[in-house]
Amino acid sequence: MVAKLINLREKITIFAPEKDKNSMFSKQTYIQRRKELKRLVGEGVVLLFGNNESPCNYPNNGYAPFRQDSTFLYYFGQQRDGLVGVIDIDNDRETLIGDDISIEDIVWYGSVDSVKDLAEQVGVCHSAPFKELKTICLTAMSQKRKIHFLPPYRYDIKLLVFDLLGIHPNQQKLEASMPLIQAVIKQRSTKTAEEIVELEKAAEIGYKMHTTAMKLCRPGVTEKYIAGVMDGIANSYGSKVSFATILSQHGEIMHGSPTTDTLTKGRLMLTDAGAETISNYCSDNTRTVPVGGKFTQKQLDIYQIVETCHDYAHEVAKPGVKWMDVHFAVCRLMTERLKDLGLMRGNAEDAVKAGAHAMFMPHGLGHMMGMDVHDMENLDQVNVGFDEETRPNLEQFGTNSLRMGRRLEEGFVVTDEPGIYFIPALIDEWRQKGHCAEYLNFDKLETYKDFGGIRIEDDILVTKEGCRFLGKELIPYHPTDVEAFMND
């Protein structure tokens, strides 16, 4: 086994990592972003909380690398922990709050810029120690001014908001500022040219990760080994993985973690993984490949349906098109093709309205992506992926998992990720209940219980005329290309 892995490693192209560059954009970028935020919110005081270090299993052993809050990064650009950005719209005053590090910290971790220096680097004129934040909040509250904050997702920040504003943690999501949420979503949804450059970098790292996994996909290699190599590539070229790597021969499990199981010839390996650049912009791709480098005919029949759906979404996505309409068009197309295989039956339109397609694809076609792999999900997908025109259906199984439905706009980045899965427990439950029995051939479904699942995912940038995939090179996904690449 060791000799085989060494030989595989020798076949993998080695890329020399580029020297790390400053992860920040220009000072003017952050000044302009905050200026636009003030215009959109209109009045009051905005609090944007940066993240603190998170202990893993004891205080001095933190999760690494440190990950800053994305919205704080978007407006204040600094990666250091323990910072808060304050924007007093009424008085046109911006302040970076934080304590300078102690000599003990310098001994262990080295010198860093002062908070004043950090503020100046992003065009903020004022800085203050952390204790001043309480005074700022008390003064604003005494003047009956609106204090805007985003819904906290970390418990330390929830406790801080409770201390500053007296709002109990279980009420903070309700009390969070909708004008601020809407302003942030409006700005962050549309990617600028400099952000697209970062997303292209993330796509390049993702290409290296996935093509390496395809080369390593051989009988006898463990899932965990391949995932570990992929994670190492993400760490060496960027900041880290954009989410915990999904890699499994059980592709029917949506978020299957890699195990120590060895790959078996004839099975499928589904890999859903991405990278973050040093500036924390993400990639997110999925590939499903045959262990041993050759699809069976049964696998190919299902794979080609997913491939067709993936390409259709790319073909029709453009400004003004509702992503929800694309999703359901893909579901109808998938239903027609599954009917050809005898797995579904009846009228495709009726089947999709009834939710029968969710037996095979219980998730949405894609989600927004940017500094977060599920971009701004902490602001609630109902706010990010939908609007007054397009509302989510939270009742129907499968359809309630749509993260994105609104009309596409130039500069949006969304994932295109159709999939077909054969989930034994779901097959058994629906058969027992007779759910959508008029559209599903349960006898045929029984013969697919050991199949697994297939997903193909790429990241789409919406352009003026249509859309394009991100990345200079597209990870092979057409079946002949996959087989040729794996056996090269």
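The values are calculated or read from the model by the stated rules, or taken from the named source; none is laboratory data. Here the structure is a predicted model, which is why all the values come from computation and not from measurement. For neighbour counting, all protein chains shown are included, and Cβ atoms are generated from backbone atoms with ideal geometry for every residue, glycine included. Only protein heavy atoms, including side chains, enter the accessible area calculation; ligands, DNA and RNA are left aside. Shrake-Rupley method; radii C 1.70, N 1.55, O 1.52, S 1.80 Å.
Rounded to the nearest angstrom and listed largest first, the equivalent-ellipsoid semi-axes of segment 229-288 from its Cα gyration tensor are 24, 11, 9.
Using a/c under 1.5 as the rounded threshold, could you call segment 356-488 rounded, prolate or oblate? The axes a ≥ b ≥ c are square roots of the C-alpha gyration tensor eigenvalues, and prolate needs a/b larger than b/c, oblate otherwise. Judged from the Cα gyration tensor, segment 356-488 comes out oblate (a/c at least 1.5, b/c at or above a/b). Since only Asn280, Ser102, Ile427 are under comparison, the one whose Cα sits farthest along the positive direction of the charge dipole of the chain, derived from C-beta charges on Lys, Arg, Asp and Glu, is Ile427. Adding -39500 (n - 2.57) for every DSSP H run of four residues or longer, then dividing by how many residues the chain holds, sets the calculated 222 nm ellipticity at -12000 deg cm²/dmol.
For segment 107-239, the relative contact order is 15 percent, taking Cα pairs closer than 8 Å that sit 6 or more residues apart in sequence and dividing their mean separation by the residue count.
Short-range pairs are left out: with C-alpha atoms under 8 Å and at least six residues apart, the relative contact order of the chain is 14 percent. Against the chain, whose longest principal axis is taken from its Cα atoms, helix 297-316 shows a tilt of about 40°. Think of segment 311-462 as having a plus end and a minus end, set by charges on the Cβ of Lys, Arg, Asp and Glu; of Met371, Cys436, Val316, Cys436 sits farthest toward the positive end of this dipole. For segment 431-488, trypsin sites (Lys or Arg not before Pro) are listed when DSSP marks them as loop and at most 16 other Cβ atoms sit within 10 Å of their Cβ; the list is Lys449, Lys464, Lys472.
Distance between the C-alpha centres of segment 234-304 and segment 415-488: 12 Å, rounded to the whole angstrom.
Computed with a 1.4 Å probe over protein heavy atoms only, the accessible surface of segment 372-488 comes to 44 Å² per residue. Segment 173-198 and segment 337-406 have Cα centres lying 22 Å from one another. Just the protein heavy atoms count here, and of the accessible area of the chain at 1.4 Å, carbon and sulfur take up 51 percent. Note: relative contact order over segment 341-405, using C-alpha pairs below 8 Å and six or more positions apart, is 39 percent. Whole-percent P(r), the chain, all Cα pairs, 10 Å bins from 0: 4, 18, 27, 24, 17, 8, 2, 0. Each of Val122, Gln182, Tyr75 was scored by the projection of its Cα onto the charge dipole of the chain, and the greatest displacement toward the positive side belongs to Gln182; charges sit on the C-beta of Lys, Arg, Asp and Glu.
Placing unit charges on the Cβ atoms only, positive for Lys and Arg and negative for Asp and Glu, gives the chain a dipole magnitude near 220 debye about its Cα centre. May I ask for the angle, rounded to the nearest 10°, between helix 193-216 and the longest principal axis of the chain, with both axes built from Cα atoms and the value confined to 0 to 90°? Helix 193-216 sits at roughly 40 degrees to that axis.
Relative to the longest principal axis of the Cα atoms of the chain, the long axis of helix 223-237 makes an angle of roughly 40 degrees. Per residue, the accessible area of segment 20-141 comes to 53 Å² when a 1.4 Å probe rolls over the protein heavy atoms.
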